[in-house]
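The block underneath contains the structure these notes are about, expressed in structure tokens.
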Amino acid sequence: MSKLVAICPGHGPDTPGKRTPLFPDGTFMHENTFNRAVADKLEKHLQRCGFKTLVTTPRENDAPLKTRTDLANKAKADFYISIHANANTGIWGSAHEVDTFLPNTPRE
């Protein structure tokens, strides 16, 4: 039986302040632009490997975290992957990390 992976592309286009520091040319990138591109690639690769997928955030607007997690829980997702490109202090730095959160009790 195929496992269901819920993919959360993080913040939507309406979330204020979620962007990179300025690039040398004065432009910046909204976090959701990067997150969505990563989520789209991840979904394609997971499906190619036989996983079922559920994207928890619409493309056109934001969805609160509770709405996203409720959707995944209702669908009985086996995994929940939330993608973020955190801006950290708002300046370019050397922060690189992966955060992993696990539930306190295993799901039956």
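Rounded to the nearest 10 degrees, the angle from helix 65-74 to the longest Cα principal axis of the chain is 20 degrees. With a Cα-only, solvent-free Debye model of the chain, what are the log10 I(q)/I(0) values at q = 0.10, 0.17, 0.21 Å⁻¹? Log10 of I(q)/I(0), two decimals: -0.33, -0.88, -1.19. If you count Lys pairs in the chain whose Cα atoms are under 19 Å apart, skipping same-chain pairs closer than 8 places in sequence, the total is 12. In the chain, the longest principal axis of the Cα atoms and the axis of helix 31-48 are about 30 degrees apart. If you take the charge dipole of the range 1-41 about its Cα centre, with +1 on Lys and Arg Cβ and -1 on Asp and Glu Cβ, which of Pro13, Met29, Ala39 is farthest toward its positive end? Value: Ala39.
Every read-out reported here was derived from the displayed coordinates using simple, explicitly stated rules and does not represent laboratory data. These numbers come from a predicted model, not from an experiment. Neighbour counts are summed over all protein chains in view; Cβ atoms, including those assigned to glycine, are modelled from backbone coordinates with ideal geometry.
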